[in-house]
1. Which of the following residues is crowded, with 16+ Cβ neighbours inside 10 Å, over 24 Å from Ala196 (Cβ atoms) and modelled with pLDDT of 90 or more: Glu249, Glu281?
2. Does Thr298 count as free of Cβ contacts under 8 Å to residues at least 60 places away in the same chain and outside the structural domain of Val222 (by TED's automatic domain parsing)?
3. Just to be sure I understand the filter: pairs with C-beta atoms under 9 Å, separated by 6 or more residues or on different chains, first member in segment 26-40 and farther than 16 Å from Leu282 by Cα and in contact (Cβ under 8 Å) with a residue 24 or more places away in the chain, second member buried (at least 16 other Cβ atoms within 10 Å of the Cβ) and hydroxyl-bearing (Ser, Thr, Tyr). Which pairs pass?
Amino acid sequence: MQEFNLSQNQSLRQEQILAPTQIQSLELLMAPMMELQARLDTELSINPVLELEGNDSINESPDAGEKPIQSEEVTGTAEAENLKDEEFASLVHLTEEWHNSLPVGNSTRYKADEEKYQYFLDSIVDVPSIQNALLDQLTFLDLSKEEKDNVELIIGSIDHQGYFTTPLEDLAVIAGTDLEGMSKALKVVQCFEPVAIGARNLQESLLIQLDKQGKSKSKAAVLVRKYLDELAVNHIPQIAESMKLTISELQVIIDEVRKLKPFPCFGLNSFKSRTLYVLAELEIVKKDGVYIVNMITTHQPKLRISEYYMRLLENKNTASEAKEYIKQKVLQGNNIIRSLEQRQDTILKIAEVIADTQFDFLENGIEFLKPSTMKQVADKIDMHETTVSRAVSQKYVQTPQGLLELRFFFTGGYQSDSGDLLSSRSVIEKIKEIIDEEDNLKPYSDDAIAENLKDQGIPVARRTVAKYREEVGIPSSRLRRQYK
């Protein structure tokens, strides 16, 4: 018989537990600008003592008949209940200091900024999806309800490139119909615009495009139908021999095929599945021969503690429960304000290090980008590396070289024979330049590119060249080779 031994043991261990205010501070630090705006809008809606800087209407004295805050509205926490009067007085003092450090509110300027921001939001176009565009075309067809249902299933399964990749058998089971019915529905969709929408693969897409041009029996269609895989690996001589063509004649046909769209929605901006909107939080500008960093505060809400609620705290007639409630909300509001200050200070310090170390890049472009790691920057501003990582995520800066994410500036690199430091992005640009200048009939191998870089004083291994080449989508020398 198995015996069970039940016992209790005590042990000591250290654990790092983040306080709610620390978690909140990290969340605000990581949030990009548009997400931060949404987060602050939420805070403004749930915390009555928080208000926007420049909004003076709330600070007006309450009407004589206004009702005081009732005790049933109070949901005080232990943190608020334990807040001592002297601690709260210190908190109020900090709040007043923060107010004094802000520029004098200008309601006219604030209103103008709001109107500018609203105009920016109103200017964002609602991008239609592929599915909506196809459903609009479906409304013009005279189909039975079952046929329309089948077509809608097909439309719902088309990806952002315009391909239909779901097995017809699966949709037939879902629709409770036969395979023939789903095949007819697919053919209906493939008659919609853009051309070749609903194609199941690249080959079918190209063949549909050629058919729409009246070239279903052309040599280009034969090339796509029979030799597409060999064309993908650049077996030009073998294809020419099989099709009984000269390489020059085959090249003309290949050029014709290359004019077709690689996928149905290629080049159609109105069918993009996801559009990314970003706001720059900083700008790097040149002044008196040096680059300086400015915070862009146009779109960042400025919060403050409402003076009206502060007066309620000083009012002897305010119920004690109401005062505790207001204290709790003031404490939460100050945590938000303090977190915003820390966020701005951290991002600004990182950007100032970037502006100081990347002078050559800001002047001349990506080839002069110097390698930099987050640890190096963290050491300079006396912060932890993980804090820097959180701060640069999805934060954008306007530079003389364009709008860039702060994370763009953190990359490994190499030291040239002359002692100059080059980032990996700079090396990639040099690889692109070498390939752009090569003879297409005799393209450089990865070994040859590595030797070319070595001649320029940049020690890069062949496998590193291959890695960088693949990262930017440049095919191998065998696939880049052209034939006469």
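The values are calculated or read from the model by the stated rules, or taken from the named source; none is laboratory data. A quick note: this is a predicted structure, and the numbers were derived from the prediction, not measured. Note: ideal-geometry Cβ built from the backbone for every residue, glycine included; neighbour counts use all protein chains shown.
1. Working: Glu249 fails: crowded, with 16+ Cβ neighbours inside 10 Å.
Just one listed residue meets the conditions, Glu281.
2. Details: free of Cβ contacts under 8 Å to residues at least 60 places away in the same chain: no; outside the structural domain of Val222 (by TED's automatic domain parsing): yes.
Answer is no for this residue.
3. The qualifying pairs are Leu26/Ser339; Leu26/Thr387; Leu28/Ser339.
Here is a yes/no grid of residues against (1) out of contact with any Gly (no Cβ under 9 Å at 6 or more places or on another chain); (2) surrounded by 19 or more Cβ atoms within 10 Å (Cβ to Cβ); (3) assigned by TED's automatic domain parsing to the domain that holds Leu231; (4) farther than 30 Å from Arg343 by Cα:
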| position | (1), (2), (3), (4) |
| --- | --- |
| Ser389 | yes, no, no, no |
| Thr399 | yes, yes, no, no |
| Leu403 | yes, no, no, no |
| Ala450 | yes, yes, no, yes |
